[in-house]
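*Asks:* Please see the structure below; I have some questions.
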Amino acid sequence: CLKLLPAEELEHVELPLTEESSSNLVKRLVYLSDQGTPYGAGDSTYSWQRINDTRFNLFTGHQTMDEREKSFKVNETAVIHCGFYSENGGFKISDEDKSYMQSCKVAVSTCAFGGGDDLYQPIGMSEASLKKVCYVAFWDEITLAAQELQGNKIGDDGFIGKWRIVIVKNLPFVDQRLNGKIPKMLPHRLFPHAKYSIWVDSKSQFRRDPLGVIEALLLRTNSVLAISEHGARSSVYDEAKAVVRKHKATPEEVEVQITQYRKDGLPADKRFNGRKALNEASVIVREHTNLTNMLMCLWFNEVVRFTSRDQLSFPYVLWRLKVVKNINTFPVCTRKDLVNSMGHIRKAKPLTN
């Protein structure tokens, strides 16, 4: 289903790594820091503190409903919340790991917080990808301990196999699913000099050459982001019912989110731009442009404000940002060609306040 270049051509793939055209709709992205808001002094425990009964905290900054509404307006200079509020906000990474991540131009990343999943080595890479692509797995100390018990120890070089293991301390949310949205949705914040990234859920083994995947799903289709169509449903409103039915979120929190989306006018259409209106986000391939960075920031703010079920909020954000047209929503068979699905091994341990 996924047609990559022949092996000999993959060795010579050259991705354009230059800055994006100045003609783009968003020429400058400014991240709000809320520095005028008195969140308290430098005790890291403040990162747990809810603000106005929401999950916004020192990591996210506090996005008001008025700021939320304004954030969807596309201007040459976009001013938005996008995590990393302050040094006291949590998600601490060592200087050595930061330096490594700043060197990455193309990144494949995954994460396992709470000890929930094992680490699956990527396969199918060309020699070119092994030289040009960073493979980074984000773990917390719970996962580190769980993996060491199984004999998976980080080498002196910081790697286990192909993966650079980045240990994150002081995670900003009690909900581990929400912590996992940080590397999933904010790779442009973690890899500030990367031009392309591929996200792979921890339950999956990436099995294709990343340079070839970027060429096939982005460059060949003139897209800035590629994400799978949902395999079972087509509507956000149908997905909301399924989320409640499967006990993946409480009826109350889902109702708050869906009520807001109805109020904002999100249609119940099952097709969007000719494709399914619902997506499955276990694999995300994207070019880091100001517009895609903005989209990911807005998506992150939605999962913080409402539920961590990101399949509910992605179609909404895409619908609100009507200028984002070049999205490759590929069929389910392509997703299955990209990864081997292993499933979750064990339940992630929640953090306690």
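*Asks:* Which of the residues that make up region 83-98 are of a type in the set (Ser, Thr, Tyr) and either within 17 Å of the chain's Cα centre (by Cα) or under 12 Å from Leu58 (Cβ atoms) (or both)?
*Replies:* Within region 83-98, Tyr85, Ser86 meet the criteria.
*Asks:* Which of the residues spanning region 128-164 are hydrophobic (A, V, I, L, M, F, W, C) and within 17 Å of Gln102 (Cβ to Cβ)?
*Replies:* Val133, Cys134, Val136, Phe138
*Asks:* Now for a separate question. Among the candidates Gly89, Gly61, single out the residue that is open to solvent by less than 10 Å² (accessible area, probe 1.4 Å) and touching a Ser or Thr at 6+ places or on another chain (Cβ under 6 Å).
*Replies:* Answer to the check: Gly89.
*Asks:* Taking Arg286 as meeting all but one of (1) in contact with a helix residue (DSSP H, G or I) (Cβ under 7 Å, 6 or more places away or on another chain); (2) open to solvent by less than 10 Å² (accessible area, probe 1.4 Å); (3) closer than 24 Å to Val174 by Cα, write down the number of the exception.
*Replies:* Against the list (1) in contact with a helix residue (DSSP H, G or I) (Cβ under 7 Å, 6 or more places away or on another chain); (2) open to solvent by less than 10 Å² (accessible area, probe 1.4 Å); (3) closer than 24 Å to Val174 by Cα, Arg286 comes up short only on (3).
*Asks:* Follow-up. In region 181-235, what residues are touching a Lys or Arg at 6+ places or on another chain (Cβ under 7 Å) and β-branched (Val, Ile, Thr)?
*Replies:* Val224
*Asks:* Which one is nearest to Cys104 (Cα to Cα) among residues in region 146-160 that are among the hydrophobic types (A, V, I, L, M, F, W, C) and at pLDDT below 95?
*Replies:* Ala146
*Asks:* Another question about this same structure. Suppose we filter Val244, Val213, Val256 for residues that are more than 28 Å from Cys104 (Cα to Cα), out of contact with any Asp or Glu (no Cβ under 7 Å at 6 or more places or on another chain) and in contact (Cβ under 8 Å) with a residue 40 or more places away in the chain; which single one remains?
*Replies:* Step by step, each of Val244, Val213, Val256 is checked, and only Val256 is more than 28 Å from Cys104 (Cα to Cα), out of contact with any Asp or Glu (no Cβ under 7 Å at 6 or more places or on another chain) and in contact (Cβ under 8 Å) with a residue 40 or more places away in the chain.
*Asks:* It is to be established whether one or more residues within region 139-159 are more than 13 Å from the chain's Cα centre (by Cα) and closer than 30 Å to Pro6 by Cα.
*Replies:* So far as region 139-159 goes, yes, one or more of its residues are more than 13 Å from the chain's Cα centre (by Cα) and closer than 30 Å to Pro6 by Cα.
*Asks:* Every residue in region 103-141 that is closer than 18 Å to Arg286 by Cα and in contact with a Gly (Cβ under 6 Å, 6 or more places away or on another chain), please.
*Replies:* The answer is Cys111, and nothing else.
*Asks:* Looking at this structure, is Glu127 under 29 Å from Phe56 (Cα atoms), open to solvent by 40 Å² or more (accessible area, probe 1.4 Å) and more than 19 Å from the chain's Cα centre (by Cα)?
*Replies:* Here the answer is no, as Glu127 does not meet what is asked.
*Asks:* Okay, moving on. Pick out, from region 81-199, the helices (runs of 4 or more DSSP H) lying fully within it that include 1 or more residues that are in contact with a Leu (Cβ under 6 Å, 6 or more places away or on another chain) and under 13 Å from Pro210 (Cβ atoms).
*Replies:* Correct list: 127-132.
*Asks:* Looking at (1) among the aliphatic types (A, V, I, L, M); (2) within 24 Å of Val303 (Cβ to Cβ); (3) modelled with pLDDT under 95, which is the only condition Met101 fails?
*Replies:* (3)
*Asks:* So, one more: Could you list, in sequence order, the residues of region 205-228 that are of a type outside the set (A, V, I, L, M, F, W, C) and more than 15 Å from the chain's Cα centre (by Cα)?
*Replies:* Gln205, Arg207, Arg208, Asp209, Pro210, Gly212, Glu215, Arg220, Thr221, Asn222, Ser223
The values are calculated or read from the model by the stated rules, or taken from the named source; none is laboratory data. Quick caveat: nothing in here was measured; it's all calculated off a predicted structure. Positions of Cβ are backbone-derived with ideal geometry, glycine not excepted, and every protein chain shown enters the neighbour counts. To get the accessible areas, we keep the full protein, side chains included, count just its heavy atoms, and leave off ligands, DNA and RNA. Shrake-Rupley method; radii C 1.70, N 1.55, O 1.52, S 1.80 Å.
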